[in-house]
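Only one structure is covered here, and it is reproduced in the block below.
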Amino acid sequence: MANLGDGFKDIFLAGVGAMAITGEKAQDLIGQLIEKGEITVDQGKQINSELKHKAEDVAATLRYDALEARMAVMTPEERTAFAARAAELAAKANAESTAQDAAVGDASEASAADTPSETAKAAGNAPEADDDASAPTA
């Protein structure tokens, strides 16, 4: 009987040892998986960034290539008209950009006393007061 009790005791201790080893190995495995997952996420972010830059470069190249191909089939008159229209659009975009920048800076300087007519007069866009309106008409 003593041998049977020792056998059960050995089986029990072997089971406890197996559980302890399994727990340790599971923790090691989980740690390795987490490390590999973090590396994979970092690599994914880097690849995504690289692909985004490459796509932007390809898109810009395609736009310029398409423009160049279109201009190659234009007549000189069409190219001149196109260049003039492009210059107008660029000037308009620059003016809008400058106006937006100025509006952001001037917003803090504007006072409540400014009225639209005073602002227009300062810009030179408001009509002058009609002196003829006060003069008698014949």
Checklist line | From the C-alpha gyration tensor of segment 9-73, square roots of 5λ in Å | finding: 61, 8, 4
Notebook entry, point to check: What ranking of Met19, Met74 emerges when the number of other C-beta atoms within 10 Å of each C-beta is taken as an exposure proxy, fewest first?
Noted result: Met19, Met74
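The numbers here are math on the coordinates, done by the rules we state, and not lab data. This one's a predicted model, so the numbers in the text were calculated from it and none came from an experiment. As a convention, Cβ positions derive from the backbone with ideal geometry for all residues, glycine included, and neighbour counts pool all protein chains shown.
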